[in-house]
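Have a look at the structure below before the remarks.
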Amino acid sequence: MIKQLFSRQKSVILTTLIGLIFIAVLIALPTGYEDALIYKGTERAVGTVVATDNSAIIPSGLIQSGEQMCTIEIENGKFKGQTLTGVNFLSGSLEKDKIFKEGDRALLTISCQEDTIKSVVLSDHYRLDKEIILLLVFAVFLIAFAGKNGIQAVLSFGITVLVIWKILVPCYLKGYSPVWTGILITVILTVMIIFFVYGADIRTVTASAGSLLGVAVTCVLGILFTDLFRIHGAVMPNAESLLYSGYQDLDLTSIFMSSIFIGASGAMMDLAVDITSAVWEVVEKKPDISAKEAMLSGIRVGRAAMGTMTTTLLLAYSGGYIALLMVFMAQGTPVYHILNYKYVASEILDTVVGSFGLVTVAPFTAAAAGLLLTRGKAKQE
């Protein structure tokens with residue numbers, strides 16, 4: 001192993017500072033879509049429902065349409081303390097509609113002109129406070145279990161969320177090439193996240209190289225088989241809504257292609273780090289090991305982990321389509337029709353191409369670890 005640039009403690013401090021600075025920059029970075037026209041002249045607030053009027057609701061079997069009138073006490077914002085009447089519009093969709101009852105907290109959109117209120121719409125149940133609690137509990141447990149590594153994992157999680165929201169999504173909306181944008185974002189996130197794990201260390205280079213080679217294979221296969229399968233990007237949930245919102249020039253198919261390797265990159269990073277750490281331990285315990293022996297050790301570790309990793313991808317991708325599969329079974333749809341259906345074919349493409357990437361990550365990372373880690377150890381000695 002080459003001589004580390006910093007001691008372990010200094011490396012942790014360095015990566016933490018870099019992570020915090022990067023998060024601060026991303027939070028301050030504008031997306032360009034903050035002031036949508038539909039929200040001009042409105043105030044967002046939280047209110048508690050103190051009374052409801054369901055007389056204008058029209059029930060029709062499982063669904064309901066019409067309007068629910070609610071009396072709300074405003075909790076924050078410029079109208080704090082006021083009691084207002086708001087409307088909850090029902091469109092007859094179980095997916096989108098919500099019914100409020102006394103004591104519920106609601107997220108409100110208040111249309112106003114200065115201090116004059118025009119209308120109050122109940123957008124949805126307010127759940128941001130519970131989401132924050134869940135995230136904080138997750139962060140506390142992660143840090144309590146993993147210590148310094150847990151802090152870096154929390155930073156990696158936050159950076160990933162912010163990069164997707166602040167950079168990736170706006171770039172897609174502005175018409176930048178989805179594939180090249182996805183590749184650039186994946187490279188940045190992969191190197192940065194692995195840097196948070198190892199710091200300024202040869203292991204960062206090793207794991208990043210193995211992971212990115214796997215991403216490259218996934219990218220090529222994703223582009224190739226999306227075309228061969230004749231999959232249109234509209235298979236992505238809510239994709240058509242973009243086209244009807246003034247973004248008809250978006251290349252949805254290329255966005256779908258990029259989603260394949262972006263979605264699989266996390267599992268590939270995981271496998272690359274596992275193999276790198278395992279080979280590192282072997283080299284530490286046996287400094288005179290040859291590059292070939294170290295590489296074979298990495299391949300054996302990759303073989304053991306690969307089975308569960310591919311299953312992880314399968315469960316992750318198929319979990320969102322359980323209801324669709326239930327519909328197929330309830331209707332008695334033949335299996336060959338199910339497998340040929342474009343939504344199912346797109347999930348097969350996601351899973352199998354992502355698994356291809358995992359299969360290639362193992363030998364790539366093992367080879368890189370065998371060459372770089374043993375050479376680094378020899379130089380250190």
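The values are calculated or read from the model by the stated rules, or taken from the named source; none is laboratory data. Computed from a predicted model, the values in this text were never measured in an experiment. Note: ideal-geometry Cβ built from the backbone for every residue, glycine included; neighbour counts use all protein chains shown.
Kindly check whether there is at least one residue in the range 288-307 that is of a type outside the set (S, T, N, Q), farther than 28 Å from VAL205 by Cα and at pLDDT 85 or above.
There is no residue in the range 288-307 that is of a type outside the set (S, T, N, Q), farther than 28 Å from VAL205 by Cα and at pLDDT 85 or above.
Could we say that ILE188 is in contact (Cβ under 8 Å) with a residue 40 or more places away in the chain and either surrounded by 19 or more Cβ atoms within 10 Å (Cβ to Cβ) or among the aliphatic types (A, V, I, L, M) (or both) here?
no
State all residues of the range 321-359 that are closer than 26 Å to ALA278 by Cβ and surrounded by 19 or more Cβ atoms within 10 Å (Cβ to Cβ); if no residue qualifies, say none.
Those that are closer than 26 Å to ALA278 by Cβ and surrounded by 19 or more Cβ atoms within 10 Å (Cβ to Cβ): THR351, VAL353, GLY354, SER355, PHE356, GLY357, LEU358.
Name the pairs whose Cβ atoms lie under 7 Å apart, with the first residue in the range 158-183 and under 26 Å from ILE143 (Cα atoms), the second assigned to a helix (DSSP H, G or I) and not hydrophobic (A, V, I, L, M, F, W, C), and 6 or more positions between them or separate chains?
ILE159/GLY19
I need the full set of residues from the range 198-240 which are free of Cβ contacts under 8 Å to residues at least 12 places away in the same chain and among the small types (Gly, Ala, Ser), in order please.
Across the range 198-240, the qualifying residue is only ALA216.
Just for the range 273-294: of the residues that are aliphatic (A, V, I, L, M) and surrounded by fewer than 22 Cβ atoms within 10 Å (Cβ to Cβ), which one is farthest from ALA209 (Cα to Cα)?
In this case the residue turns out to be ILE289.
Hey, can you tell me all the residues within the range 244-272 that are closer than 18 Å to GLY210 by Cβ and hydroxyl-bearing (Ser, Thr, Tyr)?
If the condition is that a residue be closer than 18 Å to GLY210 by Cβ and hydroxyl-bearing (Ser, Thr, Tyr), then SER265 is the only one that fits.
Could you please find all residues in the range 80-110 being more than 19 Å from GLY66 (Cβ to Cβ) and hydrophobic (A, V, I, L, M, F, W, C)?
Passing the criteria: LEU84, LEU107, LEU108, ILE110.
Suppose we filter LYS80, LYS96, LYS118 for residues that are within 30 Å of LEU62 (Cβ to Cβ) and of a type outside the set (A, V, I, L, M, F, W, C); which single one remains?
When all the criteria are applied, what remains is LYS96.
Of all helices (runs of 4 or more DSSP H) completely enclosed by the range 274-381, which ones contain at least 3 residues that are in contact with a Ser or Thr (Cβ under 7 Å, 6 or more places away or on another chain) and touching a residue at least 40 places away in the same chain (Cβ under 8 Å)?
291-318, 342-380
Do you know which residues across the range 248-273 are in a helix (DSSP H, G or I) and either aliphatic (A, V, I, L, M) or in contact with a strand residue (DSSP E or B) (Cβ under 6 Å, 6 or more places away or on another chain) (or both)?
LEU252, ILE255, MET257, ILE260, ILE262, ALA264, ALA267, MET268, MET269, LEU271, ALA272, VAL273
For the range 138-147, which residues satisfy the criterion of being exposed (fewer than 12 other Cβ atoms within 10 Å of the Cβ) and either part of a helix (DSSP H, G or I) or touching a strand residue (DSSP E or B) at 6+ places or on another chain (Cβ under 8 Å) (or both)?
PHE141, ALA144, PHE145
Across the range 19-57, what is the number of residues that are at pLDDT 85 or above and either over 30 Å from GLY86 (Cβ atoms) or in a helix (DSSP H, G or I) (or both)?
12
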